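The structure under discussion appears below in the form of structure tokens.
The values are calculated or read from the model by the stated rules, or taken from the named source; none is laboratory data. As the structure is a computational prediction, the values presented were derived from the model and not from experiment. Here the Cβ positions follow ideal geometry from the backbone for every residue, glycine too, while neighbour counts run over all protein chains shown.
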């Protein structure tokens, strides 16, 4: 009999995983404790913007015209336990309020609510990003609470999704990592991922702690690389150098590479910031805090970039934001996403607003989420409207739409032609040709 899969938690990770598993040919049942989310997904709609995800749902959600019917959603733990052979836990692990540590309450709750219903052999697969050591504890919890006892087994299978590319990353991952404690668990997961494995995706089998560390180590490395080039931007600015040319030159070294070497206002989102902080906190608990002290500086450099952008904007309007109009292009933490969690763009906009600036923001997809988080900022329906009357324009999220703007057309509506490129993504020559003063972090001002 083909395996039946369940996905517990249907947020960004869970909804994508559920749809992708249906695409790979499995019958899938998704569970969430929020009935509104279940109702929405059952109509083939998602509560977030992710390119290609609604199309994938439409192909598989039961009851939709022309769909395979392999994907359904429920709020019933009993139904999920009865249905599934493999249960993927995809719930959120946010940063604890007022602490660096990870909040495990959603994961713990999911295991505690699922386990008492597991009456037959099942594999529970954690995908959430958790502090190392969590899987060993949760495996014991499963054995203790599940009527199936030792037949309710645990595996850890970290996710490596990039927002904006989540569907591709699930269907054609660059690697699959599984932390297992038995050959049986490995065999089951090889069956689940037979499609990608058949196309050559590497399959890395580890113990629990290593699987948990892979995700946090990967995010720590990426965060370090971003903060490194931003530190070089600080030095370049002080020395009169050009960090974009510096990045181009060192990126040709294949040991370094070009990816994640664009200087700007730094990283944000729901993963990198909270994951590196949780990693530091967990290392401290393990007595290995000195191993990760460098991550404090990585975090510090990242936050400093936001403050520096505010300073550049203040200088551009003559030393005070009071009564000054500022146009902001971008609200989401990255392009092709509506995610504004820990968004550098919104953080900068918010700081300027608090200092008396009249800030107007435009983002292609992140406006509604931004309004919920920062209701006192001004919002415009188009980029042109955000720029209208502005004395300085800040480019803070590198959407393709912004790269394709006509600087001459924007010059007609701006009060002053002054642009600060917080992402080093616009063409300086094009903007300067249209009469704009163009400034970017770590680059010569002319």
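Which one of these is surrounded by fewer than 19 Cβ atoms within 10 Å (Cβ to Cβ) and within 30 Å of residue 378 (Cβ to Cβ): 320, 300?
After applying the criteria, what remains is 320.
Say we look at segment 374-387 and pick out the residues that are touching a helix residue (DSSP H, G or I) at 6+ places or on another chain (Cβ under 8 Å) and in a loop (DSSP other than H, G, I, E, B); which of these is surrounded by the fewest Cβ atoms within 10 Å (Cβ to Cβ)?
For segment 374-387, the residue satisfying everything is 376.
Which of the numbered conditions does residue 371 fail, given that it passes all the others? Conditions: (1) within 23 Å of residue 303 (Cα to Cα); (2) surrounded by fewer than 18 Cβ atoms within 10 Å (Cβ to Cβ); (3) at pLDDT below 95.
The single condition residue 371 does not satisfy is (3).
What are the pairs with Cβ atoms under 6 angstrom where one residue, in segment 137-153, is within 16 Å of residue 107 (Cβ to Cβ) and the other, located anywhere, is surrounded by fewer than 16 Cβ atoms within 10 Å (Cβ to Cβ) and at pLDDT 95 or above? Sequence gap at least six, or different chains.
Going by the 6 Å Cβ cut-off, the qualifying pairs are 145/116.
Would you call residue 286 more than 20 Å from residue 225 (Cβ to Cβ), touching a residue at least 12 places away in the same chain (Cβ under 8 Å) and in the same structural domain as residue 269 (by TED's automatic domain parsing)?
Judged against the criteria, residue 286 is a match.
For segment 18-40, which residues satisfy the criterion of being part of a helix (DSSP H, G or I) and buried (at least 24 other Cβ atoms within 10 Å of the Cβ)?
18, 19, 20, 21, 22
Return a yes/no flag: does segment 174-183 have any residue that is within 27 Å of residue 425 (Cβ to Cβ) and either outside any helix (DSSP H, G or I) or in contact with a helix residue (DSSP H, G or I) (Cβ under 9 Å, 6 or more places away or on another chain) (or both).
Scanning segment 174-183, I find at least one residue that is within 27 Å of residue 425 (Cβ to Cβ) and either outside any helix (DSSP H, G or I) or in contact with a helix residue (DSSP H, G or I) (Cβ under 9 Å, 6 or more places away or on another chain) (or both), so the answer is yes.
Inspect all residues belonging to segment 92-109 and state whether any of them is more than 29 Å from residue 285 (Cβ to Cβ) and either in contact (Cβ under 8 Å) with a residue 40 or more places away in the chain or crowded, with 23+ Cβ neighbours inside 10 Å (or both).
No, segment 92-109 contains no residue that is more than 29 Å from residue 285 (Cβ to Cβ) and either in contact (Cβ under 8 Å) with a residue 40 or more places away in the chain or crowded, with 23+ Cβ neighbours inside 10 Å (or both).
Check whether at least one residue in segment 317-324 is out of contact with any helix residue (DSSP H, G or I) (no Cβ under 9 Å at 6 or more places or on another chain) and over 27 Å from residue 371 (Cα atoms), and report yes or no.
Looking for residues that are out of contact with any helix residue (DSSP H, G or I) (no Cβ under 9 Å at 6 or more places or on another chain) and over 27 Å from residue 371 (Cα atoms), one finds at least one in segment 317-324, hence yes.
Condition (residue is over 25 Å from residue 273 (Cβ atoms), assigned to a helix (DSSP H, G or I) and touching a helix residue (DSSP H, G or I) at 6+ places or on another chain (Cβ under 9 Å)) applied to segment 1-9: is it met by at least one residue?
no
Mind listing whichever residues of segment 305-342 are closer than 18 Å to residue 400 by Cα and assigned to a loop (DSSP other than H, G, I, E, B)?
Answer for segment 305-342, where residues must be closer than 18 Å to residue 400 by Cα and assigned to a loop (DSSP other than H, G, I, E, B): 330, 331, 332, 333, 334, 335, 336, 337, 338, 339, 340.
Condition first: out of contact with any helix residue (DSSP H, G or I) (no Cβ under 6 Å at 6 or more places or on another chain), in contact (Cβ under 8 Å) with a residue 60 or more places away in the chain and part of a loop (DSSP other than H, G, I, E, B). Now tell me which residues in segment 393-404 satisfy that.
Scanning segment 393-404 gives 398, 399.
Looking at segment 326-342, which of its residues are on the phi > 0 side of the Ramachandran plot and surrounded by fewer than 24 Cβ atoms within 10 Å (Cβ to Cβ)?
Across segment 326-342, the qualifying residues are 336, 342.
Every residue in segment 204-219 that is surrounded by 15 or more Cβ atoms within 10 Å (Cβ to Cβ) and without any contact (Cβ under 8 Å) to a residue 40 or more places away in the chain, please.
205, 206, 210
Please identify the pairs in which a residue from segment 21-50 that is at pLDDT 95 or above has its Cβ atom under 6 Å from the Cβ atom of a residue that is part of a helix (DSSP H, G or I) and surrounded by fewer than 21 Cβ atoms within 10 Å (Cβ to Cβ), counting only partners at least 6 apart or on another chain.
From residues that are at pLDDT 95 or above, the pairs are 24/195; 29/83; 32/38.
If only one of 411, 390 is out of contact with any helix residue (DSSP H, G or I) (no Cβ under 8 Å at 6 or more places or on another chain) and either in a strand (DSSP E or B) or crowded, with 17+ Cβ neighbours inside 10 Å (or both), which one is it?
Going through 411, 390 in turn, the sole match is 390.
So, in segment 206-260, how many residues would count as being on the phi < 0 side of the Ramachandran plot and not in a helix (DSSP H, G or I)?
Adding up the residues that qualify gives 11.
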